[in-house]
Each structure stands twice: as structure tokens, then as C-alpha cells.
1. Normalized C-alpha radius of gyration of the chain, against 2.2 N^0.38 Å?
2. Quick query: amide H of VAL30 versus all other amide H atoms, modeled in the peptide plane; which residues come in under 5 Å with a sequence gap of 5 or more or a different chain?
3. Obtain the nm distance between the two label points defined at ARG10 and THR71 by a simple spin-label model: each point lies 7 Å from its Cα along the Cα-to-C-beta direction.
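Any read-out appearing in this document is the output of simple, stated calculations on the displayed coordinates, not a laboratory observation. What you see is a predicted model, and the numbers here were worked out from it, not measured in a lab. Note that we place each Cβ from the backbone using ideal geometry, even for glycine, and neighbour counts take in every protein chain shown.
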Amino acid sequence: MSQEFLACPRCGCLKFYARGDAGTMVFFQVNSEFWPVPTGINASDLSQADFSPVHCTGCSWSGEMNDLAAT
Ligand SMILES: [Zn+2]
């Protein structure tokens, strides 16, 4: 069973970050249900993160999770 992730609408990157508690960067991917999933590198607590906006790790894009593109 494979999980589908949403991609950056500009560069197609699958990894994003947001600002967490105390301004830390938390890294995650977003699944097809628009739900953030922590990446292996940094399994930070996403519960305190501000996902508006989310930032792409591959380019300078940032925006709403709803703007992400299906792969
Ligand atoms: Zn991008």
C-alpha cells in the first residue's frame, strides 16, 4: 500500500516546512488528504506548527496546503 503525496505546484518537490513552536522549522510531506506527515529526518511534533503558509524546500514557493498539486 503506497501513500500518495502532494507536490509543490512550482517545482514538484514533495517536502515542505512550516514554522513550529518557537519559530523552529518542522519538515513534513502532505498526503492526498491534505494531512501533514513528518519526514524521516525530523519527526518533530507538528501539532504546534503553523501551516499557513507552508514553504517548499526545493524552491521559494510558499502558500496554502490546498494549493499543492497531486502527483
Ligand atoms: Zn517548490
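1. Normalised Cα radius of gyration, the chain: 1.00.
2. It is LEU6, VAL37, by chain and number.
3. Modelled inter-label distance: 1.9 nm.
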